[in-house]
């Protein structure tokens, strides 16, 4: 219908995809903080997990392409990820503040692990890490930081991560995905098809677990979550052994 009415919005999304940003924008105009808005959505939808934004302040991903600077939204929807990517900028990240609720959650003494999900590093994970003080906070909180590879068998399972890696001059591999978080993560989970890359990642000082990472069912999700938690326990045991000398 958007296309029939003359919209240039090319990504096919449904009513549910539009509902949340419409209501969120309305609430932001009324000066509610994003963390409060998000928790309200969780309560309304019956989501028991405590979902929090990286900041209540605006941070915008800017894609630097061969044709100039564009917002990520424009790159995705209007340009359909076609331009060659040169780099990324995260406007506002240097002055954005981490919400008190996030600080409280990351400083809990019983925190088992911090997990970087198998998402595009450049427009999903790096904007979070770019918020001032976020990397330092994750390293200092004491919990193992575990990443899960978004690359399986030299390709991204979803989205343009593989294309971006290639255009930035990197190999499209699980090892390269791990190196995007070098000096941040303690361990990395890679898919079984990439087992040959495990030693190369370990050589970078990153512990590795090899397991099926493609989640097609609820059982797949539970199994991968357990792999991540088990890996976190291994890392924690290694850290405690090193502290004891």
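With respect to (1) within 28 Å of residue 84 (Cα to Cα); (2) surrounded by 15 or more Cβ atoms within 10 Å (Cβ to Cβ), the lone exception for residue 215 is condition (1).
Just one of (1) within 30 Å of residue 227 (Cα to Cα); (2) part of a strand (DSSP E or B) fails for residue 64. It is (1). Tell me yes or no: at least one residue of the stretch 156-176 is in contact with a strand residue (DSSP E or B) (Cβ under 8 Å, 6 or more places away or on another chain), surrounded by fewer than 16 Cβ atoms within 10 Å (Cβ to Cβ), more than 26 Å from residue 81 (Cα to Cα) and not assigned by TED's automatic domain parsing to the domain that holds residue 63. No, every residue in the stretch 156-176 fails to be in contact with a strand residue (DSSP E or B) (Cβ under 8 Å, 6 or more places away or on another chain), surrounded by fewer than 16 Cβ atoms within 10 Å (Cβ to Cβ), more than 26 Å from residue 81 (Cα to Cα) and not assigned by TED's automatic domain parsing to the domain that holds residue 63. From 122, 90, 75, which residue is part of a helix (DSSP H, G or I), closer than 30 Å to residue 142 by Cα and either touching a strand residue (DSSP E or B) at 6+ places or on another chain (Cβ under 8 Å) or assigned by TED's automatic domain parsing to the domain that holds residue 191 (or both)? The match here is 122.
Checking 230, 186 one by one, the residue that is more than 30 Å from residue 66 (Cα to Cα), crowded, with 20+ Cβ neighbours inside 10 Å, outside the structural domain of residue 87 (by TED's automatic domain parsing) and in contact with a strand residue (DSSP E or B) (Cβ under 9 Å, 6 or more places away or on another chain) is 186 and no other.
Only one of the numbered conditions (1) surrounded by fewer than 17 Cβ atoms within 10 Å (Cβ to Cβ); (2) touching a residue at least 60 places away in the same chain (Cβ under 8 Å) is not met by residue 82, and that is (2). Scoring residue 48 on the criteria (1) without any contact (Cβ under 8 Å) to a residue 40 or more places away in the chain; (2) surrounded by fewer than 17 Cβ atoms within 10 Å (Cβ to Cβ); (3) part of a helix (DSSP H, G or I) leaves a single failure, condition (3).
The set of residues in the stretch 103-131 being within 21 Å of residue 34 (Cα to Cα), without any contact (Cβ under 8 Å) to a residue 60 or more places away in the chain and buried (at least 16 other Cβ atoms within 10 Å of the Cβ) consists of 106, 124, 125, 126, 129. The helices (runs of 4 or more DSSP H) falling completely within the stretch 135-239 include none with 3 or more residues that are closer than 23 Å to residue 93 by Cβ, more than 16 Å from the chain's Cα centre (by Cα) and at pLDDT 95 or above.
When only residues in the stretch 95-119 that are part of a helix (DSSP H, G or I) and touching a helix residue (DSSP H, G or I) at 6+ places or on another chain (Cβ under 9 Å) count, which is farthest from residue 213 (Cα to Cα)? Per the criteria, the residue is 100.
So, residue 76, is that one closer than 30 Å to residue 166 by Cβ, out of contact with any helix residue (DSSP H, G or I) (no Cβ under 7 Å at 6 or more places or on another chain) and surrounded by 16 or more Cβ atoms within 10 Å (Cβ to Cβ) or not? So residue 76 fits the description; yes.
The values are calculated or read from the model by the stated rules, or taken from the named source; none is laboratory data. Since we're looking at a predicted model, the values are computed, not measured. We place every Cβ from the backbone using ideal geometry, glycine too, and count neighbours over all the protein chains shown.
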